[in-house]
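Take a look at the structure below.
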Amino acid sequence: MRQSAQKTGNLRMGWAEVLTTARMRAIEAAAMASGAVSGAELMERAGAAVAGAIRLRWPHPGRALVLCGPGNNGGDGYVVARHLAQAGWRLRVLGMDNTPGPDAALMKQRWAAVGAIAPLTLDQLRAEPSDLCIDAIFGTGLTRAPEGEIAAILAHLGQDGAAELVAVDCPSGLCLDSGAFLGRPREPGADELRARLTVAFDSPKPGHLLERGPDCCGKLVIADIGLRPWREAATAPMIAVAPRFDIPDSRRAPDSTAELRKARAGGGHKFTHGHALVLAGGFGHGGAARLAARAALRAGAGLVTLAPPRAALIEHSGPPDALMRRGVDDADALAALLADARISAFVLGPGCGVERAAMLLDPLLAAKRPCVLDADAVTALAGRGLGGLHPSCVLTPHQGEFARVFPDLAAKLAETSPHGPLYSRIDAAREAAARSGATLLLKGPDTVIAAPDGQLRLHSAFDVPWLATAGAGDVLSGIIAGLLARGPAPLDAAATGAFLHAAAARRFGPGLIADDLPDTLPAVLRDLGA
């Protein structure tokens, strides 16, 4: 995947491209229109790549069943069959009795010169056992749910005891713009098609990373089939996914004489690395805010102040001693504190209480400084409205909180349809960000981060289920605030925060509790070479 880079404040950030299905088709069309490559050549490369991935995973030839659909995905399947047969696999190929496009028809003809093609029916599927089944029925271009005999075949493949499945592009029926199955409920199903290996081409698609995609695609392999020169010619939307960031620690020792002179002259001190203020709730509810504050410190804020009501200050008297404490009883007290222009980022919501969060929102938003609104602050917005939100705000709702603030978008996200593309978490986040005028981070194992101008980042963390633990979201808010305090754009800070959050959970491993996350961040930064 192509790596891009952008330097923002103290963060150097890299991301790879995720292509919508529309952009993928536009790139393929541009490549073929150039005359430099034909559709048949691309199909040959794709099928050869799938066969190669199969041989790497299953090096000893066995019995394979290849299911070929009516379009280009089926054409890829015929190429896969030919290459596997040449490698010594015993093949059965089932195809649809149709007249495919010219490229797929050519590949079907080439396979027919090598081996037989039986009808793609449930009876034929059951006729002989196989070690491996290659699903090349429907791929990227599917726009309606499978029906009739094909639907029965897919249901059979989804049953326990079926042969191990390899998907070309994606498991058939999966909408690659949303990660949901066309015509099916959006929750997991007992007979849902699950591949052990999925081979896709050029770049991941949103559906590989959203909703049911990660679980149902299994191991995802992206094969380069030579389309990169035509990326810029395609005008359909592109998404960026954040697999890795390079985050230098701006508090490291100066490594040159010039840097040392600058530091001694006042070029580096705690306030140049930002001051984050975490607004806490009343007595007995301070744990969430302390988690956020510790995370903000570990993420690199030069100074972090925890601000509960004065009556609750005693609750926060323990370590870490690096945290400052300041009583903030009401909106007037917060407005007075905001006179200090050195406070560069805020967190409101974790353990705050909805009533207190609602009271503090007006002066906080009026300051127009970077802030993270989470938990109770998001719920307060549902009752208060979105007025006053600005581009320096980051909202971090989970799905339930999102539904309170944007009930119409949540309802659309729950809908299913036999026709695609389905409304996705990407669509919902983009609409919510545009409507609110703030950056929105929609939490989940498939976290989507959208800016008001439509820019988007996607972070998939399905491999760390132990991150679903009480307080983990509070830590995420603190990490983002710690980064915001240092000056990057809200979209970059939120995307980096999501990455660091998952990386800390991944490094710690099962058994994680939220308290472990801030203390694991230094090791994550060292792993990154920060």
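Tabulated results
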{"quantity": "Nearest-ten-degree value, helix 472-484 long axis tilted from longest Cα axis of the chain", "calculated": "70"}
{"quantity": "Whole-angstrom gap from segment 293-364 to segment 122-144, using each part's C-alpha centre", "calculated": "57"}
{"quantity": "Separation in nanometres of the label points that stand 7 Å from Cα toward Cβ, at Leu386 and Glu232", "calculated": "3.5"}
{"quantity": "Radius of gyration, Dmax [the chain; alpha carbons; angstrom]", "calculated": "26.2, 84"}
{"quantity": "Peptide ranges 276-289, 69-82, 456-469 listed from the most packed, as the mean C-beta count within 10 angstrom indicates", "calculated": "69-82, 276-289, 456-469"}
{"quantity": "Largest-first ordering by accessible area, 1.4 Å probe, given options Ile27, Ile513", "calculated": "Ile513, Ile27"}
{"quantity": "For Ser178, distant residues with modelled amide H under 5 Å away", "calculated": "Gly207, Leu422"}
{"quantity": "Solvent-accessible heavy-atom area per residue, rounded to whole Å², over segment 415-530 at 1.4 Å", "calculated": "32"}
{"quantity": "For the chain: lysine pairs under 26 Å (alpha-carbon distance), excluding those fewer than 8 apart on one chain", "calculated": "13"}
{"quantity": "Most to least packed among 371-379, 216-224 [average Cβ atoms within 10 Å]", "calculated": "371-379, 216-224"}
{"quantity": "Accessible-area value, Arg369, 1.4 Å probe, nucleic acids and ligands omitted, Å²", "calculated": "40"}
{"quantity": "For segment 381-411 and segment 39-53, distance of Cα centres in Å", "calculated": "45"}
{"quantity": "Amide H contacts of Ala280 (H built 1.01 Å from N, under 5 Å, at least 5 apart or other chain)", "calculated": "Ala307"}
{"quantity": "Asp202, Asp330, reordered so the largest accessible area comes first (probe 1.4 Å)", "calculated": "Asp330, Asp202"}
{"quantity": "Folded to 0 to 90 degrees: helix 39-57 orientation relative to the chain principal axis, Cα", "calculated": "80"}
{"quantity": "Sulfur and carbon atoms: percent of accessible area, segment 286-348 [1.4 Å]", "calculated": "54"}
{"quantity": "C-alpha long axis of helix 148-157 to longest principal axis of the chain, angle in °", "calculated": "70"}
{"quantity": "Segment 98-241, accessible surface, carbon-and-sulfur percent (1.4 angstrom probe)", "calculated": "51"}
{"quantity": "Helical contribution to [θ] at 222 nm, DSSP H n ≥ 4, -39,500 (n - 2.57), averaged over the chain, rounded to 500", "calculated": "-11500 deg cm²/dmol"}
{"quantity": "Heavy-atom accessible area per residue - segment 116-204, 1.4 Å, Å²", "calculated": "38"}
{"quantity": "Approximate spin-label separation Asp131-Ala322, in nm, with each point projected 7 Å along Cα-to-Cβ", "calculated": "5.4"}
{"quantity": "Protection proxy ranking of 358-367, 310-319, 148-157 - average other beta-carbon atoms within 10 Å, highest first", "calculated": "358-367, 148-157, 310-319"}
{"quantity": "Percent accessible area from carbon and sulfur atoms, segment 401-530, protein chains only, probe 1.4 Å", "calculated": "55"}
{"quantity": "Solvent exposure of segment 281-338 as accessible area per residue, Å², 1.4 Å probe", "calculated": "43"}
{"quantity": "Residues whose placed amide H lies under 5 Å from that of Gly218, excluding near-sequence neighbours", "calculated": "Ala195"}
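The values are calculated or read from the model by the stated rules, or taken from the named source; none is laboratory data. A quick note: this is a predicted structure, and the numbers were derived from the prediction, not measured. Ideal geometry is used to build each Cβ from the backbone, glycine not excepted, and the neighbour counts take in all protein chains shown. Side chains included, ligands, DNA and RNA excluded: accessible areas come from the protein's heavy atoms. Shrake-Rupley method; radii C 1.70, N 1.55, O 1.52, S 1.80 Å.
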